[in-house]
Amino acid sequence: MQTDVDIKALRCFLALAQELSFGRAAKRMNLTQPSLSAQIRKLEQQVGHRLFDRITRAVLLSPVGKALLDEARAFMAQADAFAAQLASWRARPDRRIVLGAPIYTFELPEHAALLSAIAREMPDIALKVDNGFVNSLCAGLLNGTIDMAMIVAAAVPHQRYLADMAGEGAGELEMPDGLPRHTISDEPIGLAVPEEHPLACFDVIPAEALAGCVIAMLAPLHGRSLYGPISAWLSAAGATGFLPPEAHAFALERYCREYRIPAISVAQFRPRDRGNVVYRAVTGLDVRTELAILRSNRKLRAPVEDRLWALGATLIPEKSGN
């Protein structure tokens, strides 16, 4: 029985599953239709089941094809990550260290503390700082082109993250929980509330108090692990989620201050000068974000990477004793 996975056949399967057209899938794979069909037949023979139902002028995933789709996406994401990891070592023989730090971390004191510590403790390090978005930094950590990154995100199951990467994409405030990480802070999502608003009278806002309220909401692009539960929570409480033109964490803070409406609040982004806005925990919503330092799960590491990882660990607050 053949057990080796044919990467080309699997790519053809994923292309056809997305396009549901042999013509479009063949064009996408730069193959002829007969060649694509041969690859699909090869995979079906290995599986022992049809992966697609071919009906007049239509192609549909079979039940077995549907069952295998997410695993196939995750497998290909891992294969692509491994290939990129090999390429990263070939392309970077000097092993210059790449540290990810999205632009939004510039306002965080931990960002300055880490870079100052690097300059002080490792003055001779060959360092590049990548200020990309979280999803691109996590992709770099997974494929080995980025060594470490400081990000704010919700941790999601690793395999689901890989499947999302291979599909419609991972969220901007999501990170895979399978990467090594130092957690600097771990906070629940709450609300920013104008100080004169009725909700400000609560120390912890009960969900039932939200009935009839309009709440400025994070955009879906931040990730389904945030957007889905928060939307469901607001709906169940009888509140209306409002998506402003800019629906990221910093913009929501501005909408709360300028337009005097409550807003979803990510704790790590709350300004030190809080002014006329108060921040409240809520009941019925269990969504958390972390400020964390992640590192690549690459097996081959230069000693300088371990030194940098140890330096990142110094940012973890010490737990107070009993």
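The values are calculated or read from the model by the stated rules, or taken from the named source; none is laboratory data. Note that this is a predicted model, so its numbers are computed, not measured. Glycine gets a Cβ as well: all are built from the backbone with ideal geometry, and neighbour counts include every protein chain shown.
Just a few scattered comments:
- If you go through segment 38-72 and pick out every residue that is in contact (Cβ under 8 Å) with a residue 24 or more places away in the chain and among the basic types (Lys, Arg), you end up with 1.
- Checking Pro206 against (1) closer than 30 Å to Ala139 by Cα; (2) not assigned by TED's automatic domain parsing to the domain that holds Ala154, the condition it does not meet: (1)
- Hey, Pro123 out of contact with any His (no Cβ under 9 Å at 6 or more places or on another chain) and at pLDDT 85 or above or not: yes
- Number of residues in segment 119-145 that are of a type in the set (Val, Ile, Thr) and within 18 Å of Gly171 (Cβ to Cβ) equals 1.
- Tally of residues being of a type outside the set (Val, Ile, Thr), in contact with a Leu (Cβ under 8 Å, 6 or more places away or on another chain) and closer than 14 Å to Gly223 by Cα across segment 131-157: 3
- Residue list for segment 173-189, filter: in contact with a strand residue (DSSP E or B) (Cβ under 8 Å, 6 or more places away or on another chain), of a type outside the set (A, V, I, L, M) and either within 22 Å of Gly312 (Cα to Cα) or crowded, with 21+ Cβ neighbours inside 10 Å (or both): Glu174, Pro176, Asp177, Pro180, Arg181, His182, Thr183, Ser185, Asp186, Glu187
- Condition check for Asp177: in contact with a helix residue (DSSP H, G or I) (Cβ under 7 Å, 6 or more places away or on another chain), assigned by TED's automatic domain parsing to the domain that holds Pro102 and free of Cβ contacts under 8 Å to residues at least 24 places away in the same chain: yes
- Enumeration of residues in segment 5-40 that are over 30 Å from the mean Cα position of the chain (by Cα) and surrounded by 13 or more Cβ atoms within 10 Å (Cβ to Cβ): Ser21, Phe22, Ala26, Lys27, Leu31, Gln33, Ser35, Leu36, Ser37, Ala38, Gln39, Ile40
- Checked against (1) in the same structural domain as Arg260 (by TED's automatic domain parsing); (2) closer than 27 Å to Ser225 by Cα, Arg295 meets all criteria but (1).
- Wholly within segment 1-120, strands (runs of 3 or more DSSP E) carrying at least 1 residues that are at pLDDT below 90, assigned by TED's automatic domain parsing to the domain that holds Arg307 and touching a Leu at 6+ places or on another chain (Cβ under 6 Å): 97-100
- Matching strands (runs of 3 or more DSSP E) fully within segment 121-239 where at least 1 residues are more than 26 Å from the chain's Cα centre (by Cα) and closer than 22 Å to Val282 by Cβ: 190-194, 214-216
- Scanning segment 236-258 for residues that are without any contact (Cβ under 8 Å) to a residue 24 or more places away in the chain and farther than 20 Å from Val152 by Cβ yields a total of 2.
- Here Gly228 fulfils each of the conditions (1) surrounded by fewer than 16 Cβ atoms within 10 Å (Cβ to Cβ); (2) in contact with a strand residue (DSSP E or B) (Cβ under 9 Å, 6 or more places away or on another chain); (3) within 16 Å of Gly169 (Cβ to Cβ); (4) small (Gly, Ala, Ser) apart from (2).
- Some residue of segment 248-270 being in a strand (DSSP E or B), in contact with a Cys (Cβ under 6 Å, 6 or more places away or on another chain) and crowded, with 16+ Cβ neighbours inside 10 Å: yes
- Residue selected from segment 271-293 under the condition charged (D, E, K, R) and in a loop (DSSP other than H, G, I, E, B), by the criterion surrounded by the fewest Cβ atoms within 10 Å (Cβ to Cβ): Asp273
- From the options Val134, Val156, Val193, Val214, residue that is touching a residue at least 40 places away in the same chain (Cβ under 8 Å), more than 26 Å from Pro317 (Cβ to Cβ) and touching a Gly at 6+ places or on another chain (Cβ under 9 Å): Val214
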